[in-house]
Every structure is written in C-alpha cells, then in structure tokens.
C-alpha cells in the first residue's frame, strides 16, 4: 500500500509541476499589447507565440493529474465506515472539494489564455491581448490543485488503512489440548468374590 501511495503521489506531483512550469512559460511568452502591430486603423496583426500550445499542454497535464488521483483514490463520499467522524476522512473530503474548485478555475484560465493568445490578423477598433497574470494564476492554482489532491489521496489511504479489520491467520481454528482423563497410578484391589472361580481338575 505504501509503495502504491508513493508512486501515485510522485506521478501526480510530477504532472502538477509540469503544468505549472508550462503555464509560467506561457506567461513569459504571451503576446503583449506592445507586440501587436497596427498597419492601418482597426487592423491588428498578432505575432506567433508559443504561449498557446504551452497553455493547452499545461491544461492537459493538470487534467490527467486530477483524473489519476480521483480514479485511484475513488470517491470518499461513497465509502461508509463505522468511524465516519475520523479526522482523516474529514480532511480528505475538504481537500477533495477544494481541489475541484481550484482545478476548475485553473483549467478555465489556461484554456482561455491559450485561446485568446492564438490570434492572427483581426480588424477591430482596439487591439486586445491576454492580460498579465492569466497564465501565472493558472500555474499557481495548478500547484494548489495537485497539492490538495495529494493530501486527499494520502488522507483517504490512511483512513482506509486504520478502518480495515485485521484478521488473525489462526482465527476460527480452535487450538486446544485433547482432554485425556488422568490415569490412576495407584493399584486397585478387587475382592476375590468379584470374579468367578474356576476349578481346575
């Protein structure tokens, strides 16, 4: 069980760091307002930027990490135990809810930033560009999502371990010594009239 927890947390943590690094890279390479050329009034020419594929890849890595942790861990609400007020279960439930909230916001920021950054020539009254902090916010929320997901998985694994009954290998087998009546070592005297006498010729 411990090896499985380490492997899952390592994989999810790597994907979270990858998503954050890609999102910060997208933030650094996004198209700024000063990068947009205007050849004529209302004609905006946007340069090519790797921010869009970086943002999309970051969103995909974050999605895979969230799916892995939830598929492997399962739903904490569907698991019923006698000790339902355990602190590990409460922590797991809170971490699960908050991680989905941060995931939703981060995923939308990364997708929106990637879509808005992928523009070519447009005829508008004003030239628009992705605001600073969109990809960076997605990166920070990605780290928060992965951290909460790992806390959820570890807490749920600890809760399941502490509430799993441990059976003894010899349970159900009665181990006892056979009852043998004690033997009387003292000699027993029998009256001579007890047995029939046999007369020999």
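The values are calculated or read from the model by the stated rules, or taken from the named source; none is laboratory data. Values in this document were obtained by computation on a predicted structure and should not be read as measured data. So basically every Cβ, Gly included, is an ideal-geometry build from the backbone, and we count neighbours across all protein chains shown.
Table: residues versus (1) under 12 Å from residue 114 (Cα atoms); (2) surrounded by 13 or more Cβ atoms within 10 Å (Cβ to Cβ); (3) at pLDDT below 95; (4) under 27 Å from the mean Cα position of the chain (by Cα).
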| site | (1), (2), (3), (4) |
| --- | --- |
| 14 | no, yes, no, yes |
| 17 | no, yes, no, yes |
| 20 | no, yes, no, yes |
| 31 | yes, yes, yes, no |
| 35 | no, yes, yes, no |
| 40 | no, no, yes, no |
| 43 | no, yes, yes, no |
| 47 | no, no, yes, no |
| 57 | yes, yes, no, yes |
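With the structure loaded, tell me whether residue 49 is out of contact with any strand residue (DSSP E or B) (no Cβ under 8 Å at 6 or more places or on another chain) and not in a helix (DSSP H, G or I) or whether it fails that test. Yes: the conditions hold for residue 49. Condition check: modelled with pLDDT under 90 and assigned to a helix (DSSP H, G or I). Does residue 89 satisfy that? Yes; evaluated as a whole, the condition is true for this residue. The residue pairs whose first member lies in the stretch 96-113 and is touching a residue at least 40 places away in the same chain (Cβ under 8 Å) and on the phi < 0 side of the Ramachandran plot, whose second member is surrounded by fewer than 22 Cβ atoms within 10 Å (Cβ to Cβ) and outside any helix (DSSP H, G or I), and whose beta carbons are closer than 9 Å, counting only pairs six or more residues apart or on different chains, are 96/75; 113/131.
Checking each residue in the stretch 59-86 for being over 15 Å from the mean Cα position of the chain (by Cα) and at pLDDT 85 or above picks out 59, 60.
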